[in-house]
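Nothing in this text is a laboratory measurement; each read-out follows from the coordinates by a stated rule. All figures in this text were calculated on a predicted structure; none of them were measured in a lab. Cβ atoms come from the backbone with ideal geometry, glycine included; neighbour counts cover every protein chain shown.
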Amino acid sequence: MQEPSIEEDRSEKETIISTKCRFLLWSCVIIPISIMISIVAVVIFIRYQSSFSSNNILCNPLKFSDYTSYPAGSDPWSINNGYLDGDSFLDIVVANTFDPTISIYYGFGNGTFQSQKLYNTTYHVFYVAVRDMNNDNKSDIILTYSTLNQIAILINMGNQNFNSPITYPVGNFPFWIDVSDFNKNNLLDVIVVNDRAASVTILYDYYNLSFSYSKTYPCGDDVTGVSVADFNNDLYPDFVTTDYSDNTISLYINPKNGIFNHKKKIYTSIGPWGIATADLNNDNFIDIVNTNFVSFTISVFLNDGHGNFNKWDTYYIGGTTMSVTLADLNNDTFIDIIAANFGDDFICIFLNKQNGIFEACQRFITEWNVNSDTTGDFNVSAVTTGDFNGDNKIDIALCTGQSTMNVLLNLC
């Protein structure tokens, strides 16, 4: 067989090399273009999904009635609700910081309430909670006597009567309360933040008008809020606090005996104040929402499934905010966020996009404090939710710097 000439062999090699060069050249062009096209397609898909999700959110935008105003005491600072008089209608209780009294509004069950009934508290109250402390099927009232470093419990005697406040010592300037059973012995415990002591106190095992013992746990500076929840799904309640001056939240996981040992510090935005917990993305893990008083925002921390909160999403309110509560406002089985605007006459509602991500703030007008422009007084200090008219829709109640309580009925 005749061997190819040197010139033919060189020509064939050059052809092969030229083909490879063209292939490499086209690869260098086509691959980046393909990547760019893929990125654009993903972005379009995400935006489409987001738009699709938003368009399919039930009752969006939300619809609420104009507020109905009820007189309260002087500077109402905290609000809660429960069944306080033995009927099946929700009642509302407001702590009037400078009276010192609490106002109870007994519900008619149709979204309206009796005029306030004032109960003397003896001392100034900054926070109010409602819970059946003695297991008699009547909701009792728990208060903070912040300037006395005490909490007080008013036992419900029925017929709209409460016994005189019974006090219990805690730390320096108790501010916020929650109630749980940390050691799982079927006796209620009360947890209270000690704002000026950078700590929380847990009073354990309420029985026969007294607690068995108490313990104090360190938190961040100027701790303001606390919320109790089971963050790691071990059936034992944990707790989390907002540490105002440290720009952190402090997380304590229950070691299954109710005695807490290890604090986890988690950074949030500037001036964290109010806090609430719920499963925001329906993955069966409890998430965290806190308000940020200084940065005019709320922070949303989604649980990674192991009780860890490694990042947060930020949502803008447009004013200072202290109080936040969580509820499903449009009956889509996803929890929404309601935040009070301390410095203006509106609340912000963030509708859940059904994935733990939220729409921008929808504003609903509240009563304006006519003194706020000249004295710098507050507007909306606290907010709570409940079905006040029995229509299976969650309504909103709040207290204002105009020394009133407002009710907004859900019209979705």
Size of electric dipole in the range 173-365: Cβ of Lys, Arg +1 and of Asp, Glu -1, about Cα centre, debye, nearest 20: 420
Full-stretch length increase - Asn172, Asn261 - with 0.36 nm per residue and alpha-carbon distance subtracted: 29.9 nm
Virtual spin-label span in nm between Asn120 and Asp221, 7 Å along Cα→Cβ: 4.1
Zone residues, the range 213-236, relative to Ser245, backbone N less than 14 Å from point 7 Å out along Cα-to-Cβ: 219-224
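Give me D for the range 173-365 in µm² s⁻¹, whole number, from Stokes-Einstein with Rh from the Kirkwood sum over alpha-carbon pairs, 20 °C and 1.002 mPa s. Display every interim value, and only then the final one.
On the way: Rh = 16.8 Å.
In µm²/s, the coefficient is 127.
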Net length gained if the chain between Arg196 and Leu148 were fully extended (0.36 nm per residue, minus Cα distance): 16.0 nm
Backbone HN-Hα couplings from phi across the range 82-96 [Karplus 6.51/-1.76/1.60, Hz, Gly and Pro as x]: x, 9, 9, 10, x, 9, 9, 10, 5, 10, 10, 10, 10, 8, 9
Long-range HN-HN contacts of Val170 with modeled amide H, under 5 Å: Gln150, Ile151
J(HN,Hα) series, the range 262-270, from Karplus relation 6.51 cos²θ - 1.76 cosθ + 1.60, nearest Hz, glycine and proline x: 10, 9, 10, 8, 10, 7, 10, 7, 8
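Dipole of the range 236-329, Cα-centred, from +1 at each Lys and Arg C-beta and -1 at each Asp and Glu C-beta, to the nearest 20 debye?
Working: 5 positive and 9 negative charges, 68 e Å.
Roughly 320 debye for the range 236-329.
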Positive-end residue of Ser115, Asn60, Tyr105, charge dipole of the range 59-120 with Cβ unit charges: Asn60
